[in-house]
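Remarks on the structure that follows.
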Amino acid sequence: MNASNVNVAPGNAPGVGATPPDSSNSLLRAVGLTKTFRVGGSLFGAERSVHAVTDVNLEFGAGRTIGIVGESGCGKSTLGRLLLRLLVPTAGRVEFDGVDLATLTPRDLRSARRNMQIVFQDPYASLNPRMKIGRIVGEGLEVHGVATGKEAREQVLALMARVGLGADAYDRYPHEFSGGQRQRVGIARALALSPRFVVADEPVSALDVSIGAQILNLLMELQDERGLAYAFISHDLRVVEHVSHDVAVMYLGRIVELAPAAEIYAGARHPYTQALLSAVPSVEGKDRKQRVILGGDVPSPLDPPKGCAFHPRCAIAVARCRVEEPQLIDDGGHRTACHLVAGDHLSGHGMAGGAEAHLSRPA
Ligand SMILES: Nc1ncnc2c1ncn2[C@@H]1O[C@H](COP(=O)(O)OP(=O)(O)OP(=O)(O)O)[C@@H](O)[C@H]1O
Ligand code: SF4
Ligand SMILES: [Mg+2]
């Protein structure tokens, strides 16, 4: 993650997530990660499958961030929990330092978890209201036998100071703090065991913009200091733009576009990404060329559309889109799952040019 403040657009370097698999540089690697939830199967109806995450391949490198973005219900949180093996995948695997987490004994998995932590969206809900801040932040140290007593207290106070919490917070309760301060507690708790990989699941969505910007800056600074790898989940493309090296756009459980952040914002290729981007007011105040209407709701993951799952909402869908599922094709480190993009955009027939004429303007 670039250390620039979020109100200054950072220059994003080419990212690990969008490069072809290269395990040598990879800290955490998701391979074919899939999660299907079985629901129903009672008096009220037959059992059905929720296709929450399907065939996700990602590589997280030290000091790098992959932003994971998409509408509500597209599988972002499920993917985050799969990456941490808080959920067992239906198919696929997660490798940390080249080791498949599924092969670890429960004891070794607990130990590996020290390296993998999560910061939640809602600092109000994720902190135990009956525990004092010092204990919340230091609990992991004691559970994992890293430090106890005075030593643990010193480590906790140092961490609290680093995230901007005064020593007086140690003996106070979460309800005594504002949302931003509680998120600082959540970050301190996540970092107590010196993890190397952190899933941040909508970490600023519950906060005011200016407070959220402070938290984003803190996360970026911590990344630079500690070489953390982040999976940064957000429904907000503006947030993802400033914190991510690579961006993965999800639709109905699948990654439909994955590329270095700078490429996504300068030249998104998938019609869904383009629609999401067009809904984001330009930070610089410049008008977008076209405003794409993203009509209709996200289809149910209980019964995803055949072919390209985006076809019922896609203004440029062709007959093939209704029957054939597009694969995520890599073109120079920019991956896109769209029949009308793969290969074509290079010859001038891609989304950025010809397709825009078909997209609707707002009423
Ligand atoms: N335990 C579960 N059992 C059944 N279905 C689930 C379960 N957890 C998630 N789902 C379903 O999986 C899909 C993906 O959910 P998920 O929470 O991962 O989406 P999300 O992108 O994080 O959404 P949001 O932006 O609202 O947080 C949704 O349809 C959701 O209802
Ligand atoms: S494959 Fe077809 S329906 Fe899907 S995004 Fe591309 S053009 Fe639209
Ligand atoms: Mg979620």
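Table for the structure above
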| item | result |
| --- | --- |
| Residue within the stretch 86-106 that is more than 16 Å from ligand 2 (Cβ to nearest atom), hydroxyl-bearing (Ser, Thr, Tyr), at pLDDT 95 or above and buried (at least 19 other Cβ atoms within 10 Å of the Cβ) present | no |
| Residue, surrounded by the most Cβ atoms within 10 Å (Cβ to Cβ), within the stretch 231-256, restricted to residues that are more than 16 Å from ligand 1 (Cβ to nearest atom) and not polar (S, T, N, Q) | Asp246 |
| Within the stretch 252-281, tally of residues that are more than 26 Å from Leu219 (Cα to Cα) and not in a loop (DSSP other than H, G, I, E, B) | 8 |
| One residue from Ala112, Ala91 being over 22 Å from Arg196 (Cα atoms) and away from ligand 1 (no atom under 12 Å from the Cβ) | Ala91 |
| Residue count, the stretch 318-348 (criterion: modelled with pLDDT of 95 or more and more than 18 Å from Val249 (Cα to Cα)) | 7 |
| All helices (runs of 4 or more DSSP H) inside the stretch 64-175 with 1 or more residues being more than 28 Å from Arg238 (Cα to Cα) and free of Cβ contacts under 8 Å to residues at least 40 places away in the same chain | 106-113, 133-143, 149-162 |
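The values are calculated or read from the model by the stated rules, or taken from the named source; none is laboratory data. Please read these numbers as outputs of a predicted model, since none were measured by experiment. We place every Cβ from the backbone using ideal geometry, glycine too, and count neighbours over all the protein chains shown.
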